[in-house]
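See structure below.
The values are calculated or read from the model by the stated rules, or taken from the named source; none is laboratory data. Fair warning: this is a prediction, and the values are worked out from it, not measured in the lab. Please note: Cβ atoms are built from the backbone with ideal geometry, for glycine as well, and neighbour counts cover all protein chains shown. With ligands, DNA and RNA removed, areas are computed over all heavy atoms of the protein, side chains included. Shrake-Rupley method; radii C 1.70, N 1.55, O 1.52, S 1.80 Å.
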Amino acid sequence: MRKSKIYKILGVLFLVAFIGAGIWHWQLSNRHKAIVKSFLFEKLGVVNPNWKVENKLETYKMISPEFYIDGIYKSMEGPKASNYVQLSQDSTLIWLTGFHVKAIDNKSLQTISKDFICHTNIDFNDVNYYSSLHLENRIGKHYPRLTSLSHGMENFSFPSGYGVPMKGNEFLYVTTQSLNHNLLDANFWIRHEVDINYTREKNLKPLMSRTAFIMLSYNQSDPYKSPLDPGTNQCIPVETKNHTYDDGHGNKLSGHWVIPVGKNTYRSSVNNQLEIQDSLRLHAAAIHVHPFATQISLFDKTIKKCVFTSKIVNHKGKIGLTSIEPFLSEEGIWLYKNHDYEIILNVNNTTSENQDMMGSMFLFFYDKELDGLLGKD
């Protein structure tokens with residue numbers, strides 16, 4: 001076979017492969033397109049995947065790799081990066097006291113709009129963490145996410161005198177994701193700067209984290225069909241692969257759902273997520289919601305009273321969250337085993353189309369058991 005013919009065949013095969021790859025990429029969701037582009041940028045050397053790290057004055061500072069913002073990226077769709085964090089090289093006990101994230105210019109590293117911050121998750125290895133603190137009975141009981149910062153709550157610190165203890169050489173896993181709700185013709189690069197505050201003081205009270213979030217039922221045979229009766233608290237999930245849960249009776253629930261135009265209220269029991277054995281004293285709560293949420297409450301149905309309510313301020317004239325009110329209390333509020341708790345979320349979709357929503361709380365309780373163990377060391 002002549003070389004010219006071979007070249008023609010190879011050219012046709014390359015063209016077919018190129019067109020096929022283009023069609024495949026075009027059919028991907030925004031989230032998966034961002035994953036593919038980030039992977040290619042890294043492999044082609046366009047982006048350095050390494051984080052810039054600085055650890056001094058009891059603040060661990062990380063600057064993420066570059067994120068390419070080239071269009072609209074709604075909540076949980078944008079480019080992201082992850083990094084393992086070790087705050088110390090030895091096993092001396094340290095206390096986590098605060099978390100911060102900001103969007104910065106790719107070159108100057110100067111602060112830019114927080115509208116490019118989706119969320120920053122702080123996870124831990126529960127096997128190593130609980131084993132090192134002699135709390136092996138807690139392994140596997142809860143999702144090992146310490147907390148999450150998100151658009152509208154980019155800074156979160158515990159009340160004075162409280163913190164989350166950990167051995168300094170234990171690893172945290174930090175994932176930060178970008179966002180862009182408003183700039184249709186975006187074409188620029190950004191980074192995220194993530195700070196973790198910690199101290200070596202020995203007189204703090206320990207906190208433990210519990211995650212609680214709204215989960216709504218949906219039609220398993222036809223998930224994207226609108227509920228016949230909105231009063232049943234059913235939803236249309238954004239997708240059924242992620243943020244889908246089982247209620248223990250074979251029914252599927254979604255923690256990421258679609259909200260229609262206008263005002264609506266969603267509520268969900270969180271008793272199974274809290275797992276209160278006797279009583280717990282709540283001292284702090286970080287909130288994660290999406291734009292168009294207006295208020296979220298932890299509600300005690302037994303006494304018909306809010307444990308706390310977080311007010312949420314949305315941007316005016318564009319999509320985004322200006323602020324989310326955290327819950328912080330040195331004195332604390334008691335929650336009880338024999339009480340019935342739920343999360344209530346109010347939303348107001350002021351656009352002309354459906355939007356997506358989540359309603360989560362990262363709740364921090366005084367850890368009496370751990371305080372007793374630390375006192376013995």
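Rounded to the nearest 20, the Cβ-based charge dipole of the chain about its Cα centre (Lys and Arg +1, Asp and Glu -1) stands at 1220 debye. Compute a Gaussian network model of the chain, connecting alpha carbons closer than 10 Å, and tell me which residue from 197, 242, 271 fluctuates the most. Residue with maximal mean-square fluctuation among 197, 242, 271: 242. Its Cα centre serving as origin, the range 78-215 has a Cβ charge dipole (Lys and Arg +1, Asp and Glu -1) of approximately 280 debye. Available extension along the chain between residue 281 and residue 105 is 59.3 nm, counting 0.36 nm per residue and deducting the alpha carbon span. Based on the Kirkwood radius over alpha-carbon pairs, what value in µm²/s does the Stokes-Einstein equation return for the translational diffusion coefficient of the range 316-377 at 10 °C and 1.306 mPa s? Answer from the Stokes-Einstein relation: 97 µm²/s.
The residue among 92, 213, 65 whose Cα reaches farthest toward the positive pole of the charge dipole of the chain, with charges on the beta-carbon of Lys, Arg, Asp and Glu, is 65.
The share of accessible area on the chain that comes from carbon and sulfur is 53 percent, using a 1.4 angstrom probe.
The residues of the range 48-156 expose, per residue, 44 Å² of accessible area to a 1.4 Å probe. Taken about its Cα centre, the range 195-287 carries a charge dipole of roughly 320 debye when the Cβ of each Lys and Arg holds +1 and the Cβ of each Asp and Glu holds -1.
The reciprocal of the average 1/r between distinct C-alpha atoms defines the Kirkwood hydrodynamic radius, which for the range 190-334 equals 18.1 Å.
For the range 276-337, the solvent-accessible area of protein heavy atoms averages 50 Å² per residue (probe radius 1.4 Å; ligands and nucleic acids excluded). By the combined test of axial Cα extent (at least 24 Å) and Kyte-Doolittle hydropathy (mean at least 0.0), the qualifying DSSP H helices of the chain come to 3-27. Computed over the chain, the percent of Cα pairs more than 33 Å apart is 36.
Placing unit charges on each Cβ (+1 for Lys and Arg, -1 for Asp and Glu) gives the chain a dipole about its Cα centre, and among 135, 124, 203 the Cα reaching farthest toward its positive end belongs to 124. What the phi angles of the range 83-91 give under the Karplus curve with 6.51, -1.76 and 1.60, with θ = phi - 60°, is a coupling list of 8, 7, 10, 10, 6, 8, 9, 10, 8 Hz, glycine and proline written as x.
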